[in-house]
Amino acid sequence: MGQRIVVGGDSAGYSYKEAIKKDLEADDRVEAVIDVGVIGSEDETYYPNVAIEAGEKITAGEADRALLICGTGLGVAISANKVKGVRAVTAHDIYSVQRSVLSNNAQVLCMGERVVGLELARTLVKEWVGLEFDPTSSSGPKVDAIDAYEGL
Ligand code: RB5
């Protein structure tokens, strides 16, 4: 079964969110793309509202992952990480993107439209979609320790 991926961000990440959303919609590995906003570059909904909604969709079992884009990729990560059970990272390089899933089982990738070029962001997301965490790897118990802290 394909992945269900939430996309979201604030006005500072709107243009990348729209571009990458189209990539995801055309990707055979993706079963569903769920857009939690913002709905236009003039929509000034705060990034925490969008990021928390995205995180809650994951913990509710309505989505597998989320891609969040703001100006820096920082605020959305901080906000999504407030949702218990969510592991969100900001990453703009291939190694970090790979390890975010393979080592940390992060469900949320955050990027900054003001930080990374669009083509690199698109390439990183393409790679990210194909990554899968192995709970039997040596990283499994480390991620379990995060869950344990959260009482999960
Ligand atoms: C713009 O509001 C900017 O602060 C926001 O997009 C984000 O970069 C915050 O972390």
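When we screen ALA121, ALA66 for residues that are in a strand (DSSP E or B) and out of contact with any Ser or Thr (no Cβ under 7 Å at 6 or more places or on another chain), the only hit is ALA66. For region 131-152, a residue qualifies if it is in a helix (DSSP H, G or I) and within 10 Å of SER103 (Cα to Cα), and the qualifying residues are GLY140, LYS142, VAL143.
Scanning region 1-19 for residues that are away from the ligand (no atom under 16 Å from the Cβ) and at pLDDT 95 or above, which turns out surrounded by the fewest Cβ atoms within 10 Å (Cβ to Cβ)? Top of the filtered list is GLY2. Every condition in (1) surrounded by fewer than 23 Cβ atoms within 10 Å (Cβ to Cβ); (2) under 13 Å from the mean Cα position of the chain (by Cα) holds for GLY37 except the one numbered (2). Remark: pairs (first residue in region 66-85, on the phi > 0 side of the Ramachandran plot; second residue more than 8 Å from the ligand (Cβ to nearest atom); Cβ separation under 7 Å; 6+ apart in sequence or on different chains) = GLY73/THR90; GLY73/CYS110; GLY73/MET111; GLY73/VAL115; GLY85/THR59; GLY85/GLU150; GLY85/LEU152. TYR95 fulfils the conditions (1) over 20 Å from TYR14 (Cα atoms); (2) touching a strand residue (DSSP E or B) at 6+ places or on another chain (Cβ under 6 Å); (3) among the aromatic types (Phe, Trp, Tyr) except for a single criterion, (2).
Scanning region 52-63 for any residue that is closer than 24 Å to THR123 by Cα and within 16 Å of the ligand (Cβ to nearest atom) turns up at least one such residue.
Each row is one residue, and each column tells you yes or no for (1) open to solvent by 60 Å² or more (accessible area, probe 1.4 Å); (2) free of Cβ contacts under 8 Å to residues at least 40 places away in the same chain.
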residue: ASP93; (1), (2): yes, yes
residue: GLN98; (1), (2): no, yes
residue: GLU113; (1), (2): no, no
residue: GLY117; (1), (2): no, yes
residue: SER137; (1), (2): no, yes
residue: PRO141; (1), (2): yes, yes
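Among the residues of this structure, SER15 counts as one that is hydroxyl-bearing (Ser, Thr, Tyr) and more than 29 Å from SER139 (Cα to Cα). Within region 23-34, not a single residue is within 10 Å of the ligand (Cβ to nearest atom) and without any contact (Cβ under 8 Å) to a residue 40 or more places away in the chain. When restricted to residues that are more than 25 Å from GLY117 (Cβ to Cβ) and open to solvent by 10 Å² or more (accessible area, probe 1.4 Å), region 46-84 contains 17.
The values are calculated or read from the model by the stated rules, or taken from the named source; none is laboratory data. Predicted, not measured: the structure shown is a model, and the values here were computed from it. As a convention, Cβ positions derive from the backbone with ideal geometry for all residues, glycine included, and neighbour counts pool all protein chains shown. Protein only, heavy atoms only, side chains kept; ligands, DNA and RNA dropped before computing areas. Shrake-Rupley method; radii C 1.70, N 1.55, O 1.52, S 1.80 Å.
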